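**Q** My structure is below; once you've seen it, I'll send some questions.
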Amino acid sequence: MSKAYHNLTAHYNAYFIAQDQLRQAETVLYKERKENYNQILPILVPVDSIANASAKPFLDEAIKKASLVAERHQNSKWLDDAYIVIGKARLLKEDLPNAIEVFKYVNTKGTDEDDKHMALVGLMRAYVENEDYTNALNVAEYLRVQPLNRDNTREFYLTKAYLHQQKGELAVAAGILDATFPAIKKGEPNARLHLIAGQMYDQLGQTAKAADHYAAVLRNRPLYEQEFFANIYLIQSSGDRRGSGQSFEQMLSDRKNTDLKDKIYYTMGQIESRRGKYDRAIDFYRQSVAATTTNTDQIPYTYLEMGRLYFEKRNDLVNAQMYYDSALSLLPQQSKDYASIATRKKSLDEFVEYRNTIRTEDSLQRLAKLSPDALNAALQKAMKEQDKREAEQAELARKIVEKATGQPATAGVSMPGATNSDLAPADRWYLYNPVRLTQGRQDFLIAWGNRPLEDDWRRSTKEALRAVASENTPTNGASPANNVNPVGASQPGGRPDATNAVAGNPAPGTPRTDAATTRLDAMKARLPLTPVSLSQSNAKVENALYRLGKLYKFQFNQPTEAISTFEQLLTRYPNTLQKPEVYYLLHVSNDQLGRTSSWKDKLLAEYPNTTYARQAGQASGQAVTSGTEALAQKTYADIYYLYQSGNLTEGLAQVENALGKFTGTQIEDKFALLRIMLVGKVQGVDPYRQALSEFIRDYPVSLLVPHVKELQAAAEQPTAKRK
């Protein structure tokens, strides 16, 4: 058949339909995209096979029709175009390996230079989506010097800007976008790109350029959401109403913004935070959470900002932990900073755990020292305080029900439609009690977000001990956690069980109820009244102080708090096994603050053969001469001979001394490894494992680390078998 026939048939019977299907798919994907305005928007809509399900039929049809050109019209001039459609469709389906192969094929076998350039732009985009930034940059460098037509130039610039944005190079990405705008028609896509450019310049601290781009959004027929956020960002970047036709007050009073008030309050909080007015910022953030309607996407970012304020500006780690915890439970896992937020949240969780351990055990020890009468009085007071808080929560629940239903909700009166409605609410099962159920749901979602419940959270022992710890803490008050998410409510007059019974000082001559007795006995059971239980309690406090000090030093970078905690540990437990490490950490913490201290001298005097003493000595910066290196080699050979001869105890003593003497030499790590072998022979498996871990920590760049890791893995095998 003639070539003209193939050109005509390939164009209108296959390629034209395939291109139309691809265009429809791109339209669907663009319209259905979900924008997260709490983060910088992506320049190109990222491919996602799950989110792109609605476009899949169009993409499948595009591939099917374009494949007809390759199958039936090999000599057609539309062959390259058809392959490009196939490559783009596979790219949007997130079939990246096949998309890359198709684009490479067109670049290698194609006959039209413009088609080859278009394929290379698609190849660069596929590499970016595959996070293969090295190959993407190589393609970009080649295309940079090629004579591209207008359409390919526009797509190349947008893809290259997207590449640098994904790499975190915002300044380069924003500069490329600036060069791209003249080639983009006026309209909503242009408005979106101006908004993104403004976000990037805002992140870079170039607020004047950011404001120019936000103003350009308003001139490009934006969607209402884009216009709203452009106004928000414009006010935020300028700090006043310059360049914006609206103020926060006007935006709040606009009925179109009813579902967006949370974002307005959030921005107001950010502005106050930048001005250093942290109390006002926190108030606005709380209003943002309260103003949330059906869309809760803003809540985790509001919680996150509140957590950062409490952590970085207030040094209130307890409140910071609560807000980080709530933020992380709602934050999408694909968020850019999710990993770092999770790391900080883990550290804050540990801080709260150790802090609560210290406060609880100290309270229990103080109670254990009281006389029987004084102890009973203190425990009864704690129970009364707990019941008072629960009664207040029950009243709050009643008000919530009244507000939600518009009908009075009185404790003890059944509500129509409730299961077991013939019983008073206090006598129903918890989940059939509408008052307590509504109160619990509201408090839980507001304070903690959408998170799974813990097992045994209503156990009497747990709640009773929490009440005791709260009553007898050093600050003698409830923790901030109780102010945000108090213990569960109970109805006054409810059934007497271990959790909900009303406890207090009984009237004279009135026998104590069984429930109150159970609660009292549960409290007493945890008191350290025997030498063994007191020793266990002290061990918990000692461990908590040690780990709390390390958190302050390494995770929170608060050397002052670390010093205070470590000194408290040494004062309360002067014989702690962690003393060498604590001495060392006190030395480096004081050194970090520029203070002089005697902790290094204490370490070198009391524990000269420890790893920490060697590290402290190495930090002194003593010069190592060639003579010292030669002596170190001879000493090593002598000690190794002792090891081979079976004189292990003498060898261990000499290698301990040599490590302190030859710190900083080229074979220091060999001495350390020889020490490990001697420790394993002389002291047993547990010190051997500890020595292996210390080597990896102290000599991370040593060439011996792979061998030590092999030894460490082998040392763990017997334990694994015993399990």
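The values are calculated or read from the model by the stated rules, or taken from the named source; none is laboratory data. The structure displayed is predicted, hence computed values, not measured ones. With ideal geometry, Cβ positions are generated from the backbone for all residues, glycine too; neighbour counts draw on all protein chains shown.
**Q** Pairs, please: C-beta under 6 Å, at least 6 apart or cross-chain, first residue over 14 Å from Ala161 (Cβ atoms) and in segment 198-212, second part of a loop (DSSP other than H, G, I, E, B) and at pLDDT below 95?
**A** Listed by first residue and then by second, the contacts come to Ala211/Gly243.
**Q** Those residues that are surrounded by fewer than 17 Cβ atoms within 10 Å (Cβ to Cβ) and part of a helix (DSSP H, G or I), I need them from segment 336-346; list them, please.
**A** Matches in segment 336-346: Tyr338, Ala339, Ser340, Ala342, Thr343, Lys346.
**Q** Which one of these does Asn657 not meet: (1) closer than 19 Å to Pro687 by Cα; (2) assigned by TED's automatic domain parsing to the domain that holds Gln558?
**A** So Asn657 meets the others, but not (2).
**Q** Further, regarding this structure: Of Glu629, Glu650, which residue is surrounded by fewer than 16 Cβ atoms within 10 Å (Cβ to Cβ) and in contact (Cβ under 8 Å) with a residue 12 or more places away in the chain?
**A** Glu629
**Q** Moving to a separate point now. Quick one: which helices (runs of 4 or more DSSP H) sit completely within segment 570-653 and have at least 2 residues that are of a type in the set (S, T, N, Q)?
**A** Counting at least 2 such residues, we get 579-592, 611-618, 626-645.
**Q** Taking segment 142-185 only, how many residues are more than 29 Å from the chain's Cα centre (by Cα) and closer than 30 Å to Asp337 by Cα?
**A** The qualifying residues number 13.
**Q** Of these, Leu570, Leu577, Leu593, Leu585, which one is at pLDDT 95 or above and on the phi < 0 side of the Ramachandran plot?
**A** Just a single option satisfies the conditions, and that option is Leu570.
**Q** Just to be sure, is Tyr323 within 30 Å of Leu545 (Cα to Cα) and assigned by TED's automatic domain parsing to the domain that holds Lys256?
**A** So Tyr323 fits the description; yes.
**Q** Please report, ordered by residue number, the helices (runs of 4 or more DSSP H) entirely within segment 217-327 with at least 3 residues that are modelled with pLDDT of 90 or more, surrounded by 14 or more Cβ atoms within 10 Å (Cβ to Cβ) and of a type in the set (D, E, K, R).
**A** Working: elements: 224-238, 248-253, 261-274, 278-290, 299-308.
It comes to 261-274, 278-290.
**Q** Filter segment 653-683 for residues that are in contact with an Asp or Glu (Cβ under 8 Å, 6 or more places away or on another chain) and farther than 19 Å from Leu642 by Cα; which is surrounded by the fewest Cβ atoms within 10 Å (Cβ to Cβ)?
**A** Gln666
**Q** Given the conditions (1) touching a Phe, Trp or Tyr at 6+ places or on another chain (Cβ under 7 Å); (2) surrounded by fewer than 19 Cβ atoms within 10 Å (Cβ to Cβ), and given that Ala562 satisfies all but one, which numbered condition is not satisfied?
**A** The single condition Ala562 does not satisfy is (2).
**Q** Has segment 684-691 got at least one residue that is surrounded by fewer than 16 Cβ atoms within 10 Å (Cβ to Cβ) and either more than 22 Å from Leu577 (Cβ to Cβ) or touching a residue at least 24 places away in the same chain (Cβ under 8 Å) (or both)?
**A** Within segment 684-691 (the criterion being surrounded by fewer than 16 Cβ atoms within 10 Å (Cβ to Cβ) and either more than 22 Å from Leu577 (Cβ to Cβ) or touching a residue at least 24 places away in the same chain (Cβ under 8 Å) (or both)), the answer is yes, since at least one residue qualifies.
**Q** Could you give me the residue pairs with C-beta distances under 6 Å whose first residue belongs to segment 65-81 and is over 16 Å from Lys109 (Cβ atoms), whose second residue is surrounded by 23 or more Cβ atoms within 10 Å (Cβ to Cβ) and among the small types (Gly, Ala, Ser) wherever it lies, and which are 6+ apart or on separate chains?
**A** Every condition considered, the pairs that remain are Lys65/Ala14; Lys65/Ala18; Leu68/Ala14.
**Q** Could I ask something else about it? For segment 45-61, enumerate the residues that are of a type in the set (A, V, I, L, M) and either surrounded by fewer than 18 Cβ atoms within 10 Å (Cβ to Cβ) or touching a strand residue (DSSP E or B) at 6+ places or on another chain (Cβ under 7 Å) (or both).
**A** Listed by number, the residues that qualify are Ile50, Ala51, Ala53.
**Q** Please find, within segment 632-647, the residue that is nearest to Leu603 (Cα to Cα) out of those that are crowded, with 16+ Cβ neighbours inside 10 Å and of a type in the set (A, V, I, L, M).
**A** Within segment 632-647, the match that is nearest to Leu603 (Cα to Cα) is Ala632.
**Q** Identify, please: which residue in segment 63-111 is touching a Lys or Arg at 6+ places or on another chain (Cβ under 8 Å) and small (Gly, Ala, Ser) and is, among those, modelled with the highest pLDDT?
**A** Filtering first and then ranking leaves Ala99.
**Q** Could you check Thr625 against (1) under 37 Å from the mean Cα position of the chain (by Cα); (2) under 29 Å from Asp601 (Cβ atoms); (3) not aliphatic (A, V, I, L, M) and say which number it fails?
**A** Answer for Thr625: the failing condition is (1).
**Q** Which condition number in (1) in a helix (DSSP H, G or I); (2) at pLDDT below 95; (3) not aliphatic (A, V, I, L, M) is the one that Tyr162 fails?
**A** So the condition that Tyr162 fails would be (2).
**Q** Another question, if that's okay. Condition test on Leu379, is it under 25 Å from Asp262 (Cα atoms) and in the same structural domain as Ala516 (by TED's automatic domain parsing)? Step through it out loud before you land on a result.
**A** On the way: under 25 Å from Asp262 (Cα atoms): no; in the same structural domain as Ala516 (by TED's automatic domain parsing): yes.
Taking the combined requirement at face value, the residue does not satisfy it.
**Q** Could you tell me whether segment 602-616 includes any residue that is more than 30 Å from the chain's Cα centre (by Cα), buried (at least 19 other Cβ atoms within 10 Å of the Cβ) and free of Cβ contacts under 8 Å to residues at least 24 places away in the same chain?
**A** yes
**Q** Tell me which residues, restricted to segment 272-300, are under 22 Å from Glu35 (Cβ atoms) and of a type in the set (A, V, I, L, M).
**A** Val289, Ala291, Ile299
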